[in-house]
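The values are calculated or read from the model by the stated rules, or taken from the named source; none is laboratory data. Because the structure is a prediction, the values reported are computed rather than measured. Note that each Cβ is placed from the backbone with ideal geometry, even for glycine, and that neighbours are counted across all protein chains shown. In case anyone asks, the SASA skips ligands and DNA or RNA and just uses the protein heavy atoms, side chains included. Shrake-Rupley method; radii C 1.70, N 1.55, O 1.52, S 1.80 Å.
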Amino acid sequence: MLDEPYRYLEAVSNRRDYVEDQLRQGSPIVSLQYDDGILLLTIGRGQRKIYEIHNHIVLAAIGHTADIERLRLLATDAASVQGFQSSVDDVTLHRLTNFLLAPTIKREFETIFSSPIIAKMLLVELGGVQRESQFISLNYDGTTQVDQRTGVLAGNEEIESAMRANLSDISQNLSLQAAFELALETWAIGRHHSLQDNNNNQDDEDDGDEDVIEKKQLREAVQEAREQGEIEVGILDVSRRSKSKFCLLPTTETDAMLESARDKL
Amino acid sequence: MTVPSGDFLDLLKTHGYEFHFDSSGLERVSKEANLELTEGTTVVAVRYKDGVMIAGDRRATAGNTVMYDRADKVLELDEYSIIAVAGSPAIAYEIARTLEHSFQYFRRSQLQELSLEGKLRMLSRLIRENFPMAMQGAGVIPILAIYDLQSGDDGDGKIFFYDALGAQFEVSDFATSGSGSVWIRGVLYHLNRWGKIPLAKMNENQAITNIMKLLETASEYDAATGGYNSRSAIFPTIKTITRNGIADLQTEKLRQVYEKSVEVKFA
C-alpha cells in the first residue's frame, strides 16, 4: 500500500505530526557567545540535556532519552576515534553533523515501518585559529540550520522564532554574567510560548499570541521551572587550561549568577 | 543488549587499532640494522605540603647518542592526573596518549569521571600489554601522580609506580624511575628521614629546590640524564598537582630557584 506515492507522503506527514507532538513540551535550550566562549542554558527536570562531545564540541537536545543517548554516543564515539587516530583539529562539527548525524536521523525518519527518532539537537562548536564558532540545529527529520552567533532549540518553529527574536540584537561583548542573563530571559520567553501553545491546544481556541511578554511572566516561568528542576549551564571557555574547553557550571555558581540577575529579570 | 562500558580500547579495536603489536624479532632486527632504540631517563615525584610535585629531565638518548635535549617526559592526562615516563619515548607517549583519550572518553560517554581505581587499572593493562616489547628493550616504567579529591576533607596527592608487568604500588612520600633513579633514590630517603623537614611538609619553593638538586645529581652520574643549560633555557619539566588542579612551573621561576639555591658559585 505504501508504494503508492500519496500513501507514503501521508505516512511521513503522520510521522511528522506524531514527533512534533512528542517534542512540543520540551524545555527550551539557548546558546550564545560571550567574551571567552560560548554558553548553553536550559532548565531541566533532573534529566541532563547538555553534553560534551569533544574538546570543543557540545550537544544539547530535547526529546526521548533513549534516542538522545543513542545519537550522543554515536557522535561521541566517532569524535573520540577521529581525535585519537588523527587529530582534534580534524574533529569538526561540519563533519559530525553532515556526514554522520544528519544522514542517520533522516534515514530513520523516512523508514516508516520503524519507530522514529524523537529528538531535536543543537550542536555547538567553539571556534579556533582558522575556524569560526558554529551553532547547528538538527531537526528530527535530519534537516539542519546553521548560525554563527546564537542557537536555540524548542518544541516547535514558532517558539524558536520568538526566542531568536530576543537574541537578534545581541551585543558583541558580553560577560559570562550578561550572557547568562540574556540566555535565561530567552529561555523564559521560549517556556512562556511553550506553555501558551499547550494551553491553546488544550482549550482548542486561540486567544492570540501576546506580542509583549511582561517581566513578571518571565520570572514566573523561571520560578515554576526551578521548582521542578535546576538551571543547567554548560560553557565552552577558551581560557580553560585543559584541552577540553567544556565544563558544566556547578549549582553554587549558577545560583550566584541567578541571584545577581534577580533585579534584571 | 550490553551496557556501554566506556572502554576506549575496546572501541578502538572495533576500528582496527591494537595498542600492542607483534614485537617478536625486534631485538634481532635492531641488532642487524645496528639500530639503537631511543630511551628516556630520570623522573621523580614527591608529595609536598599542597599536593604532588612531579618532574623529569629533558634528555632522550639512543645508545651513546643524545637524540634530543628538550624532551617532555611529564605528561598531563586530565585535570588532576600526570604521568611521568622513563624508557622508550615511542611507547611512553603512546601510553600517555591512550590514557588521556581513555579518561576523556569514559567521562564523555558515561557522564562521570573514571574512578581512581579505574585509572590505575587502565595504566596496568597498557603496561602489561606492552610486556613483549619491554622484553625486547622497548619498555616503560612510569610514575602516576593523582590528586584524589575524594580522599579526606580536602583531597590528597597520591603517587603510584609500576613494574614491567603492570603491578602497581602506592608510595607514601616519593617515587623515582629511569636510569638515573638509582643515584637519587637513596638521597630521597635520606632527605625524607633526616632532612630539616620531611618531604611532605615542604612548601613549593623547598620542593623545587630539592627536586632540582636531585635531577642535577642524577645527571652527574648518569649520562642518559640531561643537566641544566641556563644559556639555552633548558630546565627540567616540573609540574604540581594540588586541589586547584595542575600547574606548570615556568622557566623563569626555575631559573631563579636554580641561581639562588642550586648553583654554587665559588669566589
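Scanning the stretch B:160-175 for residues that are modelled with pLDDT of 95 or more and buried (at least 22 other Cβ atoms within 10 Å of the Cβ) yields B:PHE174, B:ALA175. In the stretch A:24-40, the condition of being small (Gly, Ala, Ser), away from every other protein chain (no Cβ under 12 Å) and assigned to a loop (DSSP other than H, G, I, E, B) is met by at least one residue. So, of the residues in the stretch B:116-128 that are touching a helix residue (DSSP H, G or I) at 6+ places or on another chain (Cβ under 9 Å) and not β-branched (Val, Ile, Thr), which turns out to be nearest to B:ALA175 (Cα to Cα)? Here the residue is B:LEU123.
B:GLN110 falls short on exactly one of the conditions (1) open to solvent by less than 10 Å² (accessible area, probe 1.4 Å); (2) within 27 Å of B:VAL3 (Cα to Cα); (3) more than 8 Å from chain A (Cβ to nearest Cβ), and that condition is (1).
Residues that are within 12 Å of another protein chain (Cβ to nearest Cβ), of a type outside the set (Val, Ile, Thr), under 22 Å from A:LYS245 (Cβ atoms) and more than 13 Å from the chain's Cα centre (by Cα) within the stretch A:53-71 comprise A:HIS54, A:ASN55, listed in sequence order. Can you find a residue in the stretch B:18-39 that is under 24 Å from B:TYR80 (Cβ atoms), at pLDDT below 85 and more than 13 Å from every other protein chain (Cβ to nearest Cβ)? The answer is no, given that none of the residues of the stretch B:18-39 is under 24 Å from B:TYR80 (Cβ atoms), at pLDDT below 85 and more than 13 Å from every other protein chain (Cβ to nearest Cβ). If we scan the stretch A:37-47, do we find a residue that is among the hydroxyl-bearing types (Ser, Thr, Tyr) and touching a Leu at 6+ places or on another chain (Cβ under 6 Å)? No, the conditions are met nowhere in the stretch A:37-47.
Which of (1) of a type in the set (A, V, I, L, M); (2) under 20 Å from B:SER109 (Cα atoms); (3) in contact with an Asp or Glu (Cβ under 8 Å, 6 or more places away or on another chain) does A:LEU153 not meet, given it meets every other one? Exception for A:LEU153: condition (2). Considering only the stretch B:80-98, state which residues are within 14 Å of chain A (Cβ to nearest Cβ) and either more than 21 Å from B:GLU170 (Cβ to Cβ) or at pLDDT 95 or above (or both). Answer for the stretch B:80-98, where residues must be within 14 Å of chain A (Cβ to nearest Cβ) and either more than 21 Å from B:GLU170 (Cβ to Cβ) or at pLDDT 95 or above (or both): B:TYR80, B:SER81, B:ILE82, B:TYR93, B:GLU94, B:ARG97, B:THR98. Only residues that are away from every other protein chain (no Cβ under 14 Å) and either among the acidic types (Asp, Glu) or touching a Gly at 6+ places or on another chain (Cβ under 7 Å) (or both) were counted across the stretch A:216-234, and they come to 5. Of note, B:THR209 does not satisfy the criterion of being in contact with an Asp or Glu (Cβ under 7 Å, 6 or more places away or on another chain) and either within 14 Å of B:ASP69 (Cβ to Cβ) or polar (S, T, N, Q) (or both). Filtered by the rule that a residue be closer than 24 Å to A:SER242 by Cβ and open to solvent by 60 Å² or more (accessible area, probe 1.4 Å), the stretch B:205-250 gives B:ARG243, B:ASN244, B:ASP248, B:GLN250. Every residue in the stretch A:104-138 that is among the hydrophobic types (A, V, I, L, M, F, W, C), in a loop (DSSP other than H, G, I, E, B) and either buried (at least 19 other Cβ atoms within 10 Å of the Cβ) or out of contact with any Leu (no Cβ under 9 Å at 6 or more places or on another chain) (or both), please. Those that are among the hydrophobic types (A, V, I, L, M, F, W, C), in a loop (DSSP other than H, G, I, E, B) and either buried (at least 19 other Cβ atoms within 10 Å of the Cβ) or out of contact with any Leu (no Cβ under 9 Å at 6 or more places or on another chain) (or both): A:ILE117, A:ILE118, A:LEU126, A:VAL129. Would you be able to say whether some residue in the stretch A:72-86 is away from chain B (no Cβ under 13 Å) and in a helix (DSSP H, G or I)? Within the stretch A:72-86, not a single residue is away from chain B (no Cβ under 13 Å) and in a helix (DSSP H, G or I).
Counting only residues that are open to solvent by 10 Å² or more (accessible area, probe 1.4 Å) and within 12 Å of another protein chain (Cβ to nearest Cβ), which one in the stretch A:87-103 is farthest from A:ILE117 (Cα to Cα)? Here the residue is A:SER87. Between B:GLU100, B:GLU117, the distinction of being open to solvent by 10 Å² or more (accessible area, probe 1.4 Å), touching a strand residue (DSSP E or B) at 6+ places or on another chain (Cβ under 9 Å) and of a type outside the set (Phe, Trp, Tyr) belongs to B:GLU100 only. Filter the stretch A:235-258 for residues that are open to solvent by less than 50 Å² (accessible area, probe 1.4 Å) and more than 24 Å from A:SER87 (Cβ to Cβ); which is nearest to the other protein chains (Cβ to nearest Cβ)? Ranking the candidates gives A:LEU249 first. Regarding the stretch A:172-181, can at least one residue be identified that is out of contact with any Leu (no Cβ under 6 Å at 6 or more places or on another chain), more than 21 Å from A:VAL58 (Cβ to Cβ), more than 14 Å from every other protein chain (Cβ to nearest Cβ) and at pLDDT below 95? Taking every residue of the stretch A:172-181 in turn, at least one turns out to be out of contact with any Leu (no Cβ under 6 Å at 6 or more places or on another chain), more than 21 Å from A:VAL58 (Cβ to Cβ), more than 14 Å from every other protein chain (Cβ to nearest Cβ) and at pLDDT below 95.
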